[in-house]
Amino acid sequence: TGPGALARRLLERARTGLVVWLAATDDDPGLGPALARVAAGDQDTEPIPEIELLPGAWDLPGARLLDLVAVMDRLRSPGGCPWDAEQTHESLARYLVEETYELVDAIDSGDREHLREELGDVLMQVFFHARVAEEDEADPFSIDDVAGGIVDKLISRHPHVFADVEADTPEAVEANWDALKAAEKSDRDSALDGVAASQPALALAAKYLSRTRKAGLTVPTPELPTAFADDAYTGPEAIGDLLLAVTELAARRGVDAEIALRAATLRHGDRVRAAEAR
């Protein structure tokens, strides 16, 4: 049966009752356009039946996320996993940090399979925390609340995409983002409010310096010595001042201090391994 004949037969049956058509594995090529042509040709003499197309769930992007929701629910429910059932936001925090660093390693490695796996591990942590949050008696929320929140934020922070605001360059987008974020966080007392204090120290220093600059504040940082002397930097306070000054120097040169230090450490690791091999 050709697409045209099949379309007419389906429409004739649909005028007297509900018709459900399960598409073939090749998606019945030509059936959709044929339905439109036949319905358009009959609209003067016959009412057009309502046609609803439902794509197969397995083909929809994100369908496997529902499987992850079901798996996490099974693990946390009675009869599931005793270890998973006793976890809290606090006990899971260190795993989220570990998985994040493993994801960074996977990105650096260039191994696509490794990257896919580590992305899954980080994703699982998000779903795990959301499942734990559902059980909170005072203020429960679900993975849908988490997803809905970030969807709303992304839409509101991208008016150049979802509204009529003009932002044609990355710099304009960033400036607009900062302005919107500042408006949303207008109740903060300091430019440093909201900076995660638990992040690595150099990243924290860089964030503080960045926030200070964006706020238009001029706050002196320790000056770099004209001639470095080991004996002058023996205590944690002096070393800390030196590191803060180096972070400021990196920022002025357009260098990410955390990435630079990490790369230098990896290079040192290569030298250590070479020495061990010798």
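For this structure, a couple of remarks:
- Of all residues in segment 159-179, those being surrounded by 12 or more Cβ atoms within 10 Å (Cβ to Cβ) and over 15 Å from R211 (Cα atoms) number 7.
Yes or no, residue by residue, for (1) acidic (D, E); (2) over 16 Å from E52 (Cα atoms); (3) surrounded by fewer than 17 Cβ atoms within 10 Å (Cβ to Cβ):
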residue: G4; (1), (2), (3): no, yes, yes
residue: R9; (1), (2), (3): no, yes, yes
residue: R15; (1), (2), (3): no, no, yes
residue: V19; (1), (2), (3): no, no, yes
residue: L22; (1), (2), (3): no, no, yes
residue: D27; (1), (2), (3): yes, no, yes
residue: L31; (1), (2), (3): no, no, no
residue: G41; (1), (2), (3): no, yes, yes
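- Assessment of segment 265-272 against the conditions (in a loop (DSSP other than H, G, I, E, B), at pLDDT 80 or above and either exposed (fewer than 10 other Cβ atoms within 10 Å of the Cβ) or within 38 Å of the chain's Cα centre (by Cα) (or both)) yields no matching residue.
- Segment 124-139: number of residues that are surrounded by 11 or more Cβ atoms within 10 Å (Cβ to Cβ) and without any contact (Cβ under 8 Å) to a residue 12 or more places away in the chain: 1
- Subset tally (residues that are more than 23 Å from V132 (Cβ to Cβ) and not in a helix (DSSP H, G or I)) for segment 86-121: 2
- Every pair of residues 6+ apart whose Cβ atoms lie under 7 Å, when the first sits in segment 1-29 and is in contact (Cβ under 8 Å) with a residue 24 or more places away in the chain while the second is assigned to a loop (DSSP other than H, G, I, E, B): P3/G30; L10/V19; L10/W21; L11/P49; A14/P49; R15/E46; R15/P49
- Number of residues in segment 109-119 that are exposed (fewer than 13 other Cβ atoms within 10 Å of the Cβ) and on the phi < 0 side of the Ramachandran plot equals 4.
- Selected residue (only one of P61, P78, P82, P49 is surrounded by 13 or more Cβ atoms within 10 Å (Cβ to Cβ), out of contact with any Asp or Glu (no Cβ under 6 Å at 6 or more places or on another chain) and without any contact (Cβ under 8 Å) to a residue 40 or more places away in the chain): P49
- Filtered by the rule that a residue be of a type in the set (S, T, Y) and either modelled with pLDDT of 70 or more or touching a helix residue (DSSP H, G or I) at 6+ places or on another chain (Cβ under 8 Å) (or both), segment 1-56 gives T1, T16.
- R116 within 30 Å of L266 (Cβ to Cβ), basic (K, R) and under 18 Å from the mean Cα position of the chain (by Cα): yes
- Residue within segment 144-158 that is charged (D, E, K, R) and either in contact with a strand residue (DSSP E or B) (Cβ under 6 Å, 6 or more places away or on another chain) or more than 30 Å from R211 (Cβ to Cβ) (or both) present: yes
- Looking only at residues of segment 179-219 that are outside any loop (DSSP other than H, G, I, E, B) and more than 28 Å from A263 (Cβ to Cβ), we find that the one that is nearest to the chain's Cα centre (by Cα) is K181.
- Matching residues in segment 184-209 - criterion: being closer than 22 Å to V97 by Cβ and small (G, A, S): G194, A196, A197, S198, A201, A203, A205, A206
The values are calculated or read from the model by the stated rules, or taken from the named source; none is laboratory data. Keep in mind that what you see is a predicted model, and the values were worked out from it rather than measured. Note that we place each Cβ from the backbone using ideal geometry, even for glycine, and neighbour counts take in every protein chain shown.
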